1. What are the residues in region A:563-622 that are within 30 Å of A:MET278 (Cα to Cα) and of a type in the set (A, V, I, L, M, F, W, C), if any?
2. Scan region A:143-156 and report the pairs whose first residue is among the polar types (S, T, N, Q) and whose second residue is modelled with pLDDT of 70 or more, with Cβ atoms within less than 9 Å and a gap of 6+ or a chain change.
3. Evaluate region A:237-252: report whether one residue or more is among the acidic types (Asp, Glu), outside any loop (DSSP other than H, G, I, E, B) and farther than 14 Å from A:ALA606 by Cβ.
4. What number of residues within region B:61-76 satisfy the criterion of being under 13 Å from A:THR352 (Cβ atoms) and either of a type in the set (A, V, I, L, M, F, W, C) or surrounded by 15 or more Cβ atoms within 10 Å (Cβ to Cβ) (or both)?
5. For A:PRO314, state whether it is in contact with a His (Cβ under 7 Å, 6 or more places away or on another chain) and not basic (Lys, Arg).
6. When both residues are 6+ apart or on different chains and their Cβ atoms are under 8 Å apart, which pairs have a first residue that lies in region A:1-25 and is at negative phi and more than 9 Å from chain B (Cβ to nearest Cβ), and a second that is among the aliphatic types (A, V, I, L, M) and exposed (fewer than 10 other Cβ atoms within 10 Å of the Cβ)?
7. Those residues that are within 14 Å of chain A (Cβ to nearest Cβ) and either buried (at least 17 other Cβ atoms within 10 Å of the Cβ) or modelled with pLDDT under 85 (or both), I need them from region B:1-29; list them, please.
8. Can you list the strands (runs of 3 or more DSSP E) lying wholly within region A:1-95 that have 3 or more residues being of a type in the set (Gly, Ala, Ser)?
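The values are calculated or read from the model by the stated rules, or taken from the named source; none is laboratory data. This structure is a prediction, so every number in the text was calculated from the model and none was measured. Here the Cβ positions follow ideal geometry from the backbone for every residue, glycine too, while neighbour counts run over all protein chains shown.
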Amino acid sequence: MRWKFVIPVGLIIVAVVAGTFFFLDSILKHALISSGEGVFGAKVEVASVKTRMRDLSISISGLTIADKSDVWKNLFAFERVQFSMKPLPLLSKKLIINEMSVTGISWGTRRDVSGALPPKKIAALEKNAAKENKNSISYKLFNAIKEKGSKEVSGLPSVAAITSAQGMLKNFSPEKLISAADLSSIKEMDTLQKGVQDKYAQYQTSIGAINVDQKSAALRAAIDDVSKIKVNSVEDIAAAKAKLAQLKQVKEDTEKTVSDIATMKTRLTADFGDQKDMIVKINALKDSDWRSVSSKLKLPSLSVGNVSQSLFGPLWVNRVQSAMYYMHLVQKYMPPRKKDDTKIVRKRQRGTDVSFPTAYNPPDFLIAMMAMNGTTGGTGKQGEPLAFTGTVTDITSDPVLLGRPLVAKLHGTQAGKKLALEALFNHCIAVPQDTITVNYAGMNPADLGIPSSEYLPPFESGTAEVNARFMLQNDTIDCTMDLTISQFSLVRSSTAVDELHATLAKLWDGIPKIQVTAKTSGTMDNLSMSVSSNIDKLLSDRLQKLFGDKMAEAQSRVRAEIDKLTEQKKQELLGQFSAKRDELLGQLTGKQNGLQAQVDAAKSQASSRENEMKDRVNQEKNKAAEDLKKQAGDAVKNLFKM
Amino acid sequence: MTTLHSKISPNQIAGGCMLGMMIGILPAKNLLTAGMVLVILLLNVNIGSAALMATLFSVIGYFADPLADRIGYFLLVTSTGLTPVWAHLYNLPLIAFTRFNNTVVLGSFCIALILCVPVFLGMRWFIVYYRANLASKVEQWKIMKVFKLSSSLNLYDKYNQ
């Protein structure tokens, strides 16, 4: 034992403890800022931290958390947070707070300095975030909503784009813009024309190869031979039969040629197709040209159905994302588990922490009750603020061990305004369920955070009511929002840039109430999102009237020019197509008919000769029979004479 | 090198090496490491060799982390028979600050415990062997002569008395 070291070591330990005691406030403040910035990804500021060892209490003043999505606003601000910890559980590294008071809560208040973290710190946080468990349901859903929102909530075309398009359309000359050389339909029609010519030449060669004259001459010669046959006696029949057999063979050969011509006709008809098919092809090419030229014009499109989705969709996506973010945080720090689990395993940056919950010991972290009060107002907010009070119970690292869900309730009523928020994070049951319901009536529409748009100027006054419900159960979300804005007026720009802006300013005239219904539901693989409002049709009609007619006019002028440039080529192609096709068909039909007539004549000649031969044979047969009869009679007579 | 050529007993040096190895291999910022430092300061072991081994094994410990994690995971999570022991320890005052419930900490502690005896015995044998067979040869090295002339060795001897 190194006894001479005992006193110095003891002194060092005392110095460390004393130093920690004296600088505990600063250490805690630093730890609070560091962990807060890690969780919220934006600046966290703390005015002061005061600890009192007598009752192990901590008082935090001036706590502000910046909003990482809008660094010039606070996500939350707290005037004072006060609580005292139970001493004995602290020795077992358990933080148990029976009662916490949070006063002067506000949100969305303006900041004088940016709340953005230095890039180095953001990079470190992103590095840590990359190690986060990306398989958690809430994390996946958070990203699925983000993706769905960016995919489905498309913005309306900018007014500047429409104005410039209109200016362009005013002096727009389709003749200057479109040249025949640039049109793909004309090039394609040239190709089609060449194709027709190639096919024509190919068929001409094939038709030429059919030697109709030779076939015809052979058949005629065979017919002549047969016609010269004279059947005077039975002996002549054998020679006639040979001639007839030859005629039959030539006839069959000619019939085969006729059949080949018929096949060629069918193939030709199929190859060339119908004229109306050709017209469809040409029209498709012209449509393609029209689309191509229209895209060069950069004409903004204005879909009738997407007006409210474009105006209020971002607000809704933002709210659902916020709700999912808080649910994700709660699931991260209050993870659900099975009741009979004897271990809770949490992956850390280095290794894995395993905690061992036991029924007779408290959880690692617990705030049994948190009383709070605050205001909806604050720096940078308009309208009369509404004061509220509320409680949050059972914030714990192990809700299953505690056996109670986290319940938050906020309530405030004041001169026509009402705020009621209830949240239930139930991770004690087999299928965890998180629900947040909000009812906020009498709020200023300007505080809704609707993204500014040229189509919807900022709200000057009015009354808004929001009823929203966000629910996450296992991997299924069900979120709905009803928003009503009534008696509203909008900020009018004193100097409208142009006629369009002036007209847009009047777009909302005569609309007494805006009612928006938004819904997002489903699982992360099958998420559906819809935003509809009572002003959809009205605004669409008005916007269509403003822009749609001019767009349609410009587009029809483009179409007319394309029609004009392509018409001559189209007629030429169609004319050539029909002429060539008909000519080939005519040639084939002529040859087919000529040969068929000769085949028919051959058939008739052969048939008549055959009949003639049959008659001759019959005559000879009858004559022989008569002779036989006569000889037999004579013989019988001679017999009786004897 | 100075320690090897000093009159400090092989047991003191080997003890220092053993405790230094434990500090090095264990992850920092926990009560176990702090306790080890305290033990080194209070026990009559060589602090220099402890510091050297702590530095050396902190590098080795970093690479041994995956193995430590697996050992710790086996003991804390897979071995259900040990769960009541861990659950009891987990709720005892101050024990939670040792972070024994972290797989890397517990695994590293086990590795350190396993290495304790071989490191101690190995270091003691090496020092005895070195002093008997190699020390006189090394003394002849020019660098050692230069080093001996400087006042650092005298200071070190004085400090270690």
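1. Those that are within 30 Å of A:MET278 (Cα to Cα) and of a type in the set (A, V, I, L, M, F, W, C): A:LEU565, A:LEU573, A:LEU574, A:PHE577, A:ALA579, A:LEU584, A:LEU585, A:LEU588.
2. What qualifies is A:ASN143/A:MET524; A:SER150/A:VAL317; A:SER154/A:GLN309; A:SER154/A:SER310; A:SER154/A:GLY313.
3. For region A:237-252, residues among the acidic types (Asp, Glu), outside any loop (DSSP other than H, G, I, E, B) and farther than 14 Å from A:ALA606 by Cβ: absent.
4. 9
5. No: the conditions fail for A:PRO314.
6. Cβ pairs passing all conditions: A:PHE21/A:MET53.
7. B:ILE8, B:GLN12, B:GLY15, B:GLY16, B:LEU19, B:ILE25, B:LEU26, B:PRO27, B:ALA28, B:LYS29
8. Ranges flagged: A:57-67.
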